[in-house]
Structures are given as structure tokens and as C-alpha cells.
1. Going by alpha carbons, how many degrees (0 to 90, nearest 10) lie between the helix axis of B:528-539 and the longest principal axis of chain B?
2. List for segment A:42-67: residues with 50 Å² or greater reduction in accessible area, all protein chains versus chain alone, probe 1.4 Å?
3. Can you tell me the FRET efficiency between A:ASP105 and B:ARG250 if r is taken as the Cβ-Cβ distance and R0 is 35 Å, rounded to the nearest 0.05?
4. Per residue of segment B:430-441, in order, report the coupling 6.51 cos²θ - 1.76 cosθ + 1.60 (Karplus, θ = phi - 60°) as ³J(HN,Hα) in whole Hz, putting x for Gly and Pro.
5. How many nm is it between the label spots at B:LYS198 and B:ASP178, if each spot is 7 Å from the Cα in line with the beta carbon?
6. Ranked highest first by the average count of other Cβ atoms within 10 Å around their residues, in what order do B:658-669, B:96-107 fall?
7. Report, to the nearest whole %, how much of the accessible area of segment B:638-792 belongs to carbon and sulfur atoms, 1.4 Å probe, protein only.
8. What accessible area per residue, rounded to a whole number of Å², is obtained for segment B:638-792 using a probe radius of 1.4 Å?
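The values are calculated or read from the model by the stated rules, or taken from the named source; none is laboratory data. This one's a predicted model, so the numbers in the text were calculated from it and none came from an experiment. Positions of Cβ are backbone-derived with ideal geometry, glycine not excepted, and every protein chain shown enters the neighbour counts. SASA here: full protein model, heavy atoms, side chains in, ligands and nucleic acids out. Shrake-Rupley method; radii C 1.70, N 1.55, O 1.52, S 1.80 Å.
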Amino acid sequence: MNALAPVPEILWTDVGAVTDIPRQGARRAPTPQGVIAIFRTGDNEVFALYDRCPHKQGPLSQGIVHGRTVACPLHNWIIDLATGEPTGADAGKGCAHTVPVEVRDGRIRLGLVAG
Amino acid sequence: MTEKLVIIGNGMAGCRLIEEILKRDPARYAITVFGAEPRVNYNRIMLSPVLAGEKTFADIVINDEAWYRDNGITLHAGRPVIAIDTAARTVSAEGGLEVAYDRLILATGSDPVRLPLPGADLKGVVTFRDIDDVDAMLAAAREPDAQAVVIGGGLLGLEAAYGLARRGMKATVVHLMDVLMERQLDEAAGYLLTEALKARGVETVLGAQSEAILGTDGEVSGLQLKDGRVLPCNLLVMAVGIRPNAALARAAELAVGRGVVVDDQMRTCDPAVFAIGECAEHRGIAYGLVAPIWDMCRTLADVLSAGPDAAYQGSMLSTRLKVSGVDVFSAGQFSGGDGCEDLVFRDAGRGVYKRLVLKDGRLAGAVMFGDAADGNWYFDLMRTGAPVDEIRETLIFGQAITEGLRGVDPNAAVAAMADSAEICGCNGVCKGQITAAIVDLHLTNLDSVRAVTKASASCGSCTPLVEQVLALTLGDAFKAETGPRSVCKCTAHGHGLVRRRIVEDELKSIPQVMQALEWKTPDGCPSCRPALNYYLLCAWPGEYRDDKQSRFVNERVHANIQKNGTYSVVPRMWGGLTTPNELRAIADVADEFAIPTVKVTGGQRIDLLGVKKDDLPAVWSRLNAAGMVSGHAYGKALRTVKTCVGTDWCRFGTQDSTGLGVRIEKFMWGAWTPAKVKMGVSGCPRNCAEATCKDVGVICVDSGYEIQIGGAAGLEIRGTEALTKVATEAQAIETIVAVVQLYREEGFYLERIYKWMARVGLETIKARVADDPAERRALYDRFALAQRSARIDPWAQRVAGRDQDEFNPISRRLEFAPA
């Protein structure tokens, strides 16, 4: 038995095209561990977070995307899309978990491990 | 003995390298150049001005034949190399020519990508890469009624389209993404670029996927898009990107990825062979711009002469669009990274938009439109990584101002201004006038200065300066305090000014408003975007295209989000009336979708709570089938009209209050308003419909209808106040519609009617709605016009397929754990 746990191999899984997400919007990708929210900003950047606000688990995918943040639809916490952290007055109060995401040739790929 | 240096490629990289080598060690090498094109070396990036007729081919020749001769360079133009033998160190060219080398340089550049569309081989389908392409385009432009379609809204595609438009063609750019040059520009700059190109005769079709190229008799006749649209053309230019030309290297079994793989000394896996320019791949990047080519050439020239350890570190990129009169510059990461901060400057009058991205106290990116004079200065700040904290306040204004004001106290700068110096450009007010007004009239605040002198009363961008003049003149007596509260932190302007400017300047989209009113953020925030969306919708009914990404979730998905992320659904029950059939349909839908809670609302309707988002369209379809439509319980919109049973049943009823409520609701439903609007109609003063705590309430009496406004029963408890009394039901409806329309046109976003009334005064509203029949009628007519495009059931539209993506996940269920 190897004493070290094997480093899980990241599988990049294609979930769709950047253009499948509205600019300044988000789409959802369901997984057994919960829904992943995939965001596309006005600058065409793509981010992925678990779809749960650190405050009261609001679905971040449903919020208004502005700059590189999203406003949670339940209580308007402003979450940084790159870090998952609340900004402004709510900074430091928990964190929405980020999911590895990359864009290649206009396609979005999420980083997942075989589970 | 001289060494034999052979260069494959007579383009910008190959020739620049020769120049750099000659500068360093002119005697070391015997140089031979192979070029595939049968001509001397020219500046490929200047093909756009040649196409546009702003330059000739002679203007863009870099090295003429004399240069090759004088420097002892052997040029084989029009002799493409067909093979490299790395073991024998020879290259063979077409026509049986074989040349030996000691060092070989690959500078083969790149090939334009040709989309594999049906019809791509038709005559009239070209790319935009060399002077032959330009000649083909010019030939097409000379035909009568010539039309061109350019696929690709990047740098090259736009320059091609502009050049063709200059040559008299009708030119249309088709772009897959929804912003032009999306890698270099943000949405705000992309919008300005689209407008500027339109003014220069170039149309754009964004978010468009090409499906097939159509032709007749072997010649191109149009481009068909995936959505079925056909754009007719007799010239089709593909400008969708480039691919490194690495075929020779691959055949010679050199390492090739996207391009020929090189190390920091530009060396391929064979130590005698190097690659530079667009054919090379360095640290995983194959560049497609000219600046990296120059950097690579300098490094390789060092390596090939006295500096074998010189290393190329990769290049930071900047982009400038070469379209006359359209100044566009982009560099670095405008979409930033963690901890980035935006500085935004807009000058609506000059059509300028500038955005700088700061990261860790340094400049990380810049996007500029309309005035890119400081582009190189910003680019230098980025490349050198100079700290900018100390100059951040003036950074956005450019180099001259920043360096002029370095270390100068802004107040001192204002104090040093001459009395004749202009402060307010809009109204031509100079400093002396403001100072005199403050002293002579004992003015103490910004508002009074605005009222008396008009300084900062128009666009407002000189407000800080006027405040500084106030502070200097009054000393300690000045308390900073500004006029109306701004919409949000993205702008200094208040709601009133924003609404007025939208109408007066005919602003018709959110990016247009943000530019014209000089927004301080690139794309607004959750406070201003929904407000602007409403103001535009109200100002341009039937014309403005609703921006659903600027709506709060409830209005975007037409249901109310609940604490667990499910939604509630409230169908409309006109005037609170329902039928056994409607109730059965509600019961059935609750069963079918296992809706956990069914509740009667305070507005005489039924609420279905706990519906999953993905189920919404199906739930709506069942309700639609029973004749029910959206109740807009989720919107800043007309909610319910609560009624009592009136003369139909009640022994005290004086009028048909139920019927009036139904008629009001059927006429007014679907209208968006600044904040929610609840109504009530009571059939007698006993007021069973609780009309006197609604936004608009009607109390029926024997002699007619008392119309009341400004009630509230939420955070605030407030009884209505009487607006007017009318004799007939038709007059009652006209008055109610008119007062709601006035509120729609002049209310501030999220301002309920009672707050609006407190701000403008009940007397003003009375004068316009109750006492002025002409204005009342005009308001009524405007509402009726807007209703033509508003009285449409949003549920039925979505059942029919609109915004389908909103209700579906992007992917199937992923059976993996996120890493």
C-alpha cells in the first residue's frame, strides 16, 4: 500500500460553449455534489462556483453579474467570482467554493475528479 | 570564413532579423533569403491602409531590390522552399534549387484560417493576408452595387471591412461573439466601436454563426447564417484568425505544437535551426502581432552574433486598430485578476471611453476608445511594472496632466487658476464668475451656485472643481454637500437627470446611457442597471429591447425566488375573481408538480410556493391552458386590483366595484412601473377592499368615484390622499391610467407612489392629472401606446420557447466531483 494518497487526476470535462451563457449571466451544471454555477462576465471571462452563497446558500447563478462579481439574489451579498469571497461589508464572512474552469477555442471545460 | 545563413521567409520577421544582424556584425554571414511571394519585402500590417486607398503598395515596401544588392543578400523571390534536410544541412526550393546552410532560420509566418463552410471554394471567397488578396478585393469593389461580407470581427476583419467601405462597397461584418474585438475590448468600448463603424458605412451582425456560403454560377452570392438569415454579397472575406505555417518544419521532423517549438534563444530542437515570428511557438504561445516579432528578432540577432545567452522572455501585447478617425487601443489584462480595480473615464462630448485596470498598485491593463494618445505611455507603465499609487488620482487623465500635477495639491491647483479660467465647459462659466456669485450673493452650497451661475448644472463633470472653488472661497464655512442623491456609486447623477437625458438625448441602450452620462464603472452594478433598463423601457416602448441580464432574478424568470432557491407562482385573478375551472387547474398543477404549499395572498389571489426553476415553463403551460396568465407578483409592475363585491351582491354597494377593478386590471396589466403598484376598488365608504392603503385606490360613492393615491401598508403605514372625484367609470379609468403613467414617466426607480408624491407634491400631480384634461388625455394615450407591447403574457412567451436557456442547465448531470 502506498503511504501517500494518490494525487487525483483532474479530468477536464466539456460543458458547453462560452456563448451558451448569456453575457453578464450564468448557467447551471448539476453534479452529484451540488449545482455548479458557471458565469460569463461582460468582459467575456468565465468563472465557476458552487451555486451556494456563503450567507444563506442563495443560488448565485440567479444573481446580477457586474464587473467580476455577482449579487446574490437573496440578500444582495456581492461575491467575487474569482475567489468566491464576499466583498465590501461582508468580506471575510465565509466563501463560495470555486471550481477549476478553463476556456479553450470558445468551449468551457470544468475541472473534475473521477468520483 | 563567412558562415552560410539561410532564411526561409521574406516577410517582416525574416527581413527584420537581417537588419538586426547587419547592425551587429555585417561581415559574419553570407545571407540567402527565400520568399514565396514573387516580390520584395513589404510591411504586411499596412495592407489595411492600402486596401482603404490611404497608402499605395510602393508606400509599404520596406526593403527594395537595391537594399538586398547593397548588403550582398541573395534573394530567391517566388521560389518556395519545399524541403529541409537537417542531416545534410540543405534546403531545396521549387525548380531544383538546393542551398546549403550553417544556420537556418524559419520565418515562414502563418496562413489565414479558412472556415470549412460549404461553398468556401466559390469565386469571390478570399482571405486577407497578402497583396494578392488586396488586389482580389479591390477588383470585387469595382463591380456595380458591390457588397462585401467579412466573417470575423477581430482587428483584421474590421480593417478589411473599413477598407472595403472606403472603396464604396456595402460592407457587413459577421462576428460569432457579441462584442467586436472581444479579446481586446470590453463591452463599453465594443459598443462605441460598433457605432463608430456604422457611421463609416460598416454594419455589424453580432452573435452570428455562419452556416453556408451561397453561390450562383460558381461565384459567391451570399452568406447564410445559422438562424436562417442570408446576407447577399459578391465578395466574402474570411478573417477569422491565423495558423502558424509549420509544414516544412513538421516534414523535417522538428518539434511542432501550434507552431514550431523554440526555446528562449529561438532555437528549435535542431541546434542549427531557429524559428521566429508567427510560425514560432514560444512557451506555448504563437503570437499574431508585430511587436513580439521585433522582440524575437532582436534576441535572435544577439544569439547569432555576440550574445549567445540572450533570451526572449515573451511579449506583452498591445493592439491599435487602424481605422481612420477611430482611435482604439488595448493592452494587457483588461479583465484583470484577483484584487483588480477599475478606473473609468468617459467624456460623452468627445466620445471618449478609457478604462485602466490596477492590480497590486501597478497598471495591469488599459482599454481606450476615442482618445488613445496616451496608449504608449500606459503600455510603458505596464511593461516596466512601475508603481502607480502616487499618481493614481490623475493617471486616467494621461501623461501630460499626471506629470504636470505631480506633487501639486489639487486645491492649490484650483487656487492658482486665473479668474478667467473656464470651470464649466457646458455653460461657459469661468472661475471669477463663480467666486463673485459666492461672495456677492452669500452662496454656501453647490445647489445655489448651480442655480445662480449654471456651473456644473449640465453634465456635472466639473462638480468637484466647483466644490473646490466653494471651499477656497468660503474656507471653513463650506460644508461639502451635493444635490440630488446619485443613482448609485457608478455615477454622480441623480435619477431625475438620468431620466431627462434619456428622453432629451434619445439614448436607447444601457451602454449608450453609460457613455453619454459618463458612468464611472465599465458595466454598472445591481442598483443602476435595473433602473436604467426600466427608464429605457418606459421612454422607448416597443423599441427598446429589454436587457434581461439587467433585471433582478424575479423579473428575469417571471416568478418569485424563495429562501431555498425555489420559486412561487401567482396567476392573475382579475379583480380577485376566479372560477371552478381555474381552481381545478391550480389544484391539478399543484398535484402534478408536487407543489408543497398553496396559499391565499393578501391581494386576492392564490400563490403556489416551492416550484423548481426547471419546472416553471411546464407549470405555466398548465395554467395558460386554463386561461390564466402571469400575475406579475414578482415585478416592479401592476400587481393586483383588489375589489369588494359592489352592486353585484352587496346591499350597501353604490357602484360596480368588482367590474371596475376587472376593467382596470385588464387594461393595465403587464405595465412595468418604477416600483410595485397595488390597487383597490371599494364599492362604498365602508371600504372592504381596503383601497385607502393602496398605491391607487377608488372609493365608490353614489355620485361617482373618489380617486385616491399614495397609500402604503408595508414598511410604512399610510392612508391615501384624495386626488380627485369623477362622475363616470370611464373618467375614473382615464384618471387612474393618467396618474400611473405620470408616475411611470417621472418616478425614480424603486420609489413607491407615496414617496414620489412626497417628493413632487400632491398639488403638482393634481394640477397635471385632475385639472388639465389635455395633459390627462395625453398621458392616457401614452400609456395605451406602451401597453401595445406590454400586455403580453410573459409566461405564454416562455412556454412557447423564449429564453429556454434560462430554465435549462447548461449540461447534462456531470457524474464527477469537481476538483
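1. Helix B:528-539 sits at roughly 70 degrees to that axis.
2. Buried by 50 Å² or more upon assembly, which counts only protein chains, are A:ASP43, A:GLN62, A:ILE64, A:HIS66.
3. 0.95
4. Along segment B:430-441, the couplings run 9, 4, x, 4, 5, 4, 4, 5, 4, 6, 5, 9 Hz.
5. Reported label-point gap for B:LYS198 and B:ASP178 is 1.6 nm.
6. B:658-669, B:96-107
7. The nonpolar share, carbon plus sulfur, comes to 52 percent.
8. Dividing the accessible area of segment B:638-792 by its residue count gives 42 Å².
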